Structure formats: structure tokens, C-alpha cells
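Below: the structure, in C-alpha cells.
The values are calculated or read from the model by the stated rules, or taken from the named source; none is laboratory data. This structure is a prediction, so every number in the text was calculated from the model and none was measured. Quick reminder, even Gly has a Cβ in these numbers, built from the backbone with ideal geometry, and neighbours come from all protein chains shown. Surface areas here come from the heavy atoms of the whole protein model, side chains and all, with no ligands, DNA or RNA. Shrake-Rupley method; radii C 1.70, N 1.55, O 1.52, S 1.80 Å.
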Amino acid sequence: FPLGATVQAQTKGIWMWCLPHPRRPDHTLVLLDTEGLGDVQKGNTQNDSWIFALAILLSSTLVYNSMGTIDQVALEKLQYPFGASESERGLWWAALARSSYVTELTKKIHTKSSQHGQEEENSAEFIRFFPAFVWAVRDFTLQLEMDGRPISEDEYLENALKLQEGDSEQVKQCNMSRICIRKFFPSRKCFTFDRPANRRKLHQLETLGEEDLEPDFLETTKNFCEHVWNTSRPKTVPGGRIVSGTMLANLAKSYVEAINSGQVPCLENAVQALAVIENTAAVREAISHYEELMEKRMKLPTETMEELLELHAECEREATGVFMARAFGDCIDKFQGELAQKFLEKKKEFCERNEQESLNRCRAVLMELSQELEDGIAKGIYSVPGGYQHFLGKQREIEEKYRLVPGKGIQAEKALEEFLKSKKNVAESILQTDNALSEKEKEIEAERARVREAQRQQELLEQEQARLTQMMADQERSNEEQLQQLREKMEKDKKALQEETDRVLQKKLKVQEQLLKEGHQQQSREMQNEIQRLKDGQKAADAAGILKAIFDGLAGFVVPLVAEAGKHLPKVLPANPRWC
């Protein structure tokens, strides 16, 4: 980010810089820098509050920037920098931003859509998603000593945040910022930075090398960067879901749209909208993964339906895992239902392709095997006395050779029936012109032909029934696996939510303990009320009830799919067709 050396502000809005995380290979470090809060060139002070609120909502570590010392002025009019820039060797840092009020947060951020006007309950949930807090004191020249003994930077911060004794309005006003910081940011860290260079070089910071910077400044900067790199948690939304780059962009868009429309950014609404976007993308990604796996592993035509269904089940299972890894939120069951429907449609497409490939293969084999028969028909060699039996013998020879050919697929019988049916008129014509047979013998042969055809039709119908039964069994398998993966997903999310709640409770208990230790009974009781509300809210969100609601929703697409398959079961002909 550029460093302004004049009275004119450089940064406008919030600037973003992304780079690979220096400690976590699979993470990206996103740095945010706000415009100068409190800029005299701006006429609307609300703009500063919204920028600060946005930075809070989008960041996982917040750097609080002040000049000189931590005093009452710094507490009341906070400077919030949200960015860090590094030289090529990563050994110098600077942050830019100006003022806003932490006490305004309860009016600028809502955690739930139903909490409009309930600022106390609203702020109690802030700790769930508020970033870690780092106070950077720039151009610090004092000695870190108190009562004649050295103190750490963190002790310096905690001493500045101690509440003043008394009940006067002045004391309450002085304690307001302290209470908010302690309440909203229970995880705190402080760094005191010496001036980076002598006064004559400060306006050249962007072009200075490490050798031009003060050693004490470089040492603190190194410690600061190590702290951020090693302790900053990945950005998450309530429930512990880690935010990706795309999700961060969608969150930012949602928040900005709410502000521009005159509304207060609501975390619950933003996360719900984000869940819809992510879950929609998760369905697309899962289907794409399924198609890729099927195309890679499938060799058409398959010899049996089981072979194709086993491959489908394998690929569906892996693709569902892809969906589960990305999907989140209360509406996951709805999108899993859509995914299941798409799997069903894709399975149907692959089955149809498999059948068509089998038909094409079988027709090609029959065309090759029947070439001699076709030539004989064209030459009329079967239109002679005894030609009918000769014709039937040739057909049987073709059928026997055809059955020995491998790799025909699941449509082998259908293709054979299609071939024999195509020769039905020719066979009848040859039969009627065969003078070696009496009229009675011709009638018997014609009846035998009809019986053979009926038997083949019966076999085909039985095969179709077996195929549809297999399809139904596979769909039941799919439904059960979908339910099981959803159970596992919800149990995992439930555990993550419980861990998040436990962390919040521990932090609030720590704040309450410190308030009691300092003798602030009223503030301690208020914190106890927040803790109790949090526990009550956790009981209200009973996990068993949530899971039951999701399973009931998922059952809505399980039954219809099986019922739909049942509509296509064929009616089987009698086992023993009539002989004459």
C-alpha cells in the first residue's frame, strides 16, 4: 500500500492486498487498508463508522493503530488500521487509517435479523465473529515501567484498559471504550513501535532500505509479523466455516449492498445468502466431478447393469463428498435434494448411452454375421423346396456365433430380437413358397415362429423388470448413503458449533473473572447475564431437533424418486405361452 507523506490522504475506501501466507502453504494472507478515518475532506462522519464496521466484519485480526501513547484520547477516538505492507525482505511495516468509535458497533452491525433494536443481545454475540485485537502504538518513546518495575507491552495495554472507580457520568463515559474493547476483544496483544527512521527520512519511507530503518523498529516489526502469521486464525463465519476468497468477496458485496440501501449489515442474512451461493456452486462442482469421474472410468458398453451401477455408486459417493466439503448452512438439505435429483438424471443419461453403445455394437456384429444370409435372400436360394428349413438353420447358426462374440453389452438380446423381427416377413414369405411343406405343416411352422417370438418377448420383459428392480435398489442405496453423509456432516457441524460456543463461553468467563478481580460487581453481573443468555440459546438450538428437521426435509425427495421408478415396472407375460 502507498504511504502518504503529505497532509492529503492516499487510501480511499478499503484497499485489499492478497499474497501467499508465509507460514501456511494452503492459505492466502489478505491484508485490508482503510481510508483515513476522520479525514477533514469528508463531510459525512457516518462513512467512517461504516468503513470500520466493514473492516470488523471482513477481518480475522484487527490492528488498532495509535500514535505516541495509550491514553484517554486514544481510547475514545480509536485509530483502526487494517493492513500491513512489507518490503521485498519482509522487514518493515506500516499501517494507515484514522478514527472511529467502537461504541458505535452495536448500531452498525446486527448478528441476527430478528434483533433489530435489541442492541444488548446483539452485542453479546459479537465475540463469536469479532477478530483478534492487536494494538500498535507508533512512535513510542516512553519507558515500559510502572511503579519502578519493568512491564511488558501487553501489561501496558491491560493497565490502560482498567476501569476507573466510581459511578459518575464522567467515569461511565471514560469507561465506555474500555468496556467495549474488553467485551468485544477478549484476545488482545500490544506492540510498541519506535520511530522507523529519523525525521528527515520519514517522508521517504516507501523508498528506504532496511539499513536506513531504526534497529528497534525492525525488531518490533519482526515480532509483530511473526505474531500475525503464527496466531491469526483463518477467517470464519458463525459455525466455524472457513471463508474462501470467493466467499469473502460475496460477503463484502452483501455488506456493502446492505449499507448502500440504508440497512444495517446483518451477519445472519449475509451468511444465509452466502450459503445459497456456496451451496449452488457446490452442486455444480459435485456434478462436474461426477461426470469427470464417470467419463474417465467408464468403458462402454458394460457387460451387465450391475457393472454400470457399481461405477455410478462409486463416482456418486466421491462427488457427494465434494459437495459436503463445500456446502454449509441450514439449507444444505434443500441443495442435497437438488444434487440427488441431478445424480438421478445423470445416471439415466449414462444408462441410455450405455444402452445405445451396446445396440450399436450388437447391430454391427449382426450385420457382419448375417451378410451371407442377406446375399442368399437376394439370390433367392431359400425360395426353393426345403428352403424354409435351410433359412431357419442359417438363422440359428448366426444366433450361435452371435452369442459367442464378447463385449456386446446389456442390449444383446434386444438387438438379436430386433434382427430376428426384421427377418419375420422374409421368413413368412419363404415358408409360404416352400412346396416341400403341406399346408398343415406350414401352419405348424408359423405357430412355432409365433411362440418363439413370444418367448423372446417374455425374456426381454423379464430382463427389463430385473433392470428396473436394480435401478430401484440402487436408488435406495443412494438415498441411504446421502442420508448417512448428511448425518456425518451435521454431526461435524454440530461439534464445530459446540466448540465455538465453548470458546466464547471461556472468553466471557475470563472477562467476568477479571471484572470480579478488579471489584466491578455491576459489570460482572452484566457479563454473567450474557453468559446465561448464551447458554440458554445453545439449549434452544437442540441438535436432535435440528437433525430431525433436516432428515424430514431430505425424506421429501427420497420417497418420490423411488415411487417414480416404480411407475415403469413392466407387466410380465404368462410363463407358459399357448402352443397349438
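Summary of values
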{"quantity": "Surface per residue (accessible, 1.4 Å probe) for the stretch 274-331, Å²", "calculated": "46"}
{"quantity": "Sequence-distant residues sharing a close amide H with TYR64 (under 5 Å, placed H)", "calculated": "VAL134, TRP135, ALA136"}
{"quantity": "Proximal lysines relative to LYS222, as straight alpha-carbon distance under 25 Å, when same-chain residues fewer than 8 apart are discounted", "calculated": "LYS189, LYS201, LYS235"}
{"quantity": "Highest to lowest packing among 147-160, 486-499, scored as the average C-beta count within 10 Å", "calculated": "486-499, 147-160"}
{"quantity": "Cα centre as origin, Lys/Arg/Asp/Glu Cβ charges: the stretch 344-426 dipole, Debye", "calculated": "120"}
{"quantity": "Part-to-part distance (alpha-carbon centres) for the stretch 144-216 and the stretch 370-427, which is given in Å", "calculated": "95"}
{"quantity": "Solvent accessible area, Å² - GLU125, 1.4 Å probe, full protein context", "calculated": "40"}
{"quantity": "Carbon + sulfur, % of accessible area of the stretch 206-319 - ligands and nucleic acids excluded, 1.4 Å", "calculated": "49"}
{"quantity": "Unit charges at the beta carbon, dipole of the stretch 212-256: most positive-side option, TRP229, ALA252, GLY239", "calculated": "GLY239"}
{"quantity": "Aspartates and glutamates with Cα under 16 Å of LYS440, excluding same-chain neighbours fewer than 8 positions away", "calculated": "GLU428"}
{"quantity": "Accessible surface, 1.4 Å probe, highest first, among residues TRP50, TRP17", "calculated": "TRP17, TRP50"}
{"quantity": "Assigned charges on the beta-carbon of Lys, Arg, Asp, Glu; the stretch 413-553 dipole about Cα centre (debye)", "calculated": "1020"}
